[in-house]
1. Return yes or no: is residue 72 surrounded by 21 or more Cβ atoms within 10 Å (Cβ to Cβ), part of a helix (DSSP H, G or I) and charged (D, E, K, R)?
2. Do we have residue 85 as crowded, with 19+ Cβ neighbours inside 10 Å, under 14 Å from the mean Cα position of the chain (by Cα) and at pLDDT 65 or above here?
3. Between a first residue in the stretch 58-86 that is over 16 Å from residue 48 (Cβ atoms) and β-branched (Val, Ile, Thr) and a second residue that is part of a helix (DSSP H, G or I) and modelled with pLDDT of 95 or more, which pairs have beta carbons less than 9 Å apart while being 6 or more apart in sequence or on different chains?
4. When residue 52 is evaluated against the numbered criteria (1) within 29 Å of residue 17 (Cβ to Cβ); (2) surrounded by fewer than 19 Cβ atoms within 10 Å (Cβ to Cβ), which criterion, by number, is the only one it fails?
5. Which residue pairs have Cβ atoms under 7 Å apart, sit 6 or more places apart or on different chains, and have a first residue in the stretch 22-44 that is in contact (Cβ under 8 Å) with a residue 24 or more places away in the chain and a second that is surrounded by 19 or more Cβ atoms within 10 Å (Cβ to Cβ) and outside any helix (DSSP H, G or I)?
6. Taking the stretch 42-59 as the region of interest, how many residues are within 11 Å of residue 69 (Cβ to Cβ) and touching a Gly at 6+ places or on another chain (Cβ under 9 Å)?
Amino acid sequence: MMGRIYDHLGRQPAAQLAWQRAVALAPNADEPLRLLGRLAVGREEWSEARDLLTRAVAANPKNALAHLDLADLLERLGETRAALAHWDEAFALAPQQVRIAEAVDHWQQVAQAVSDGFAPLPDRGGDEAEDGPTSATAQGPAGS
């Protein structure tokens, strides 16, 4: 898919256009919807990201990465309990996937924070730490 090539080359506008074309041809194509959602997250367009990722999960409820991406977004928006439900689904669908397996420790900390009344969480590290708040008590995105 050209969108992935453009994305890896750092050409996000071209990637977005390629994925939009894919969705225009197949409105229920879960993977282009998911990838457009990730681009929207990168632009901090929270409402658009939520719509796209929700559509991706609805289009293919067995897409573990769509559940994980939606969980990450919901956590950023402070909707930790909803995020946990999507993380649980992602893990149930694909516990062997590296990205999901790497999230296990973080989400266990989220679950503990929820049961402890939303205590601050440690940073996740890696690329996610640069993307913004990851704790259950962090302020929501600006403008939300």
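1. Here the answer is yes, as residue 72 does meet what is asked.
2. On the way: crowded, with 19+ Cβ neighbours inside 10 Å: no; under 14 Å from the mean Cα position of the chain (by Cα): yes; at pLDDT 65 or above: yes.
Considered against the rule, which asks whether it is crowded, with 19+ Cβ neighbours inside 10 Å, under 14 Å from the mean Cα position of the chain (by Cα) and at pLDDT 65 or above, residue 85 comes out as no.
3. Going by the 9 Å Cβ cut-off, the qualifying pairs are 80/74.
4. (2)
5. 30/63; 34/63
6. Residues flagged as within 11 Å of residue 69 (Cβ to Cβ) and touching a Gly at 6+ places or on another chain (Cβ under 9 Å) within the stretch 42-59 amount to 6.
Rundown of residues vs (1) within 28 Å of residue 113 (Cα to Cα); (2) of a type outside the set (D, E, K, R); (3) loosely packed, with under 15 Cβ neighbours inside 10 Å; (4) touching a strand residue (DSSP E or B) at 6+ places or on another chain (Cβ under 6 Å), yes/no style:
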site: 10; (1), (2), (3), (4): no, yes, yes, no
site: 31; (1), (2), (3), (4): no, no, no, no
site: 36; (1), (2), (3), (4): no, yes, no, no
site: 46; (1), (2), (3), (4): yes, yes, no, no
site: 57; (1), (2), (3), (4): yes, yes, no, no
site: 64; (1), (2), (3), (4): yes, yes, no, no
site: 95; (1), (2), (3), (4): yes, yes, yes, no
site: 99; (1), (2), (3), (4): yes, no, yes, no
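The values are calculated or read from the model by the stated rules, or taken from the named source; none is laboratory data. Small disclaimer: the values here were computed from a predicted structure and weren't measured. Cβ sites come from the backbone with ideal geometry, for glycine too, and all protein chains shown count toward neighbours.
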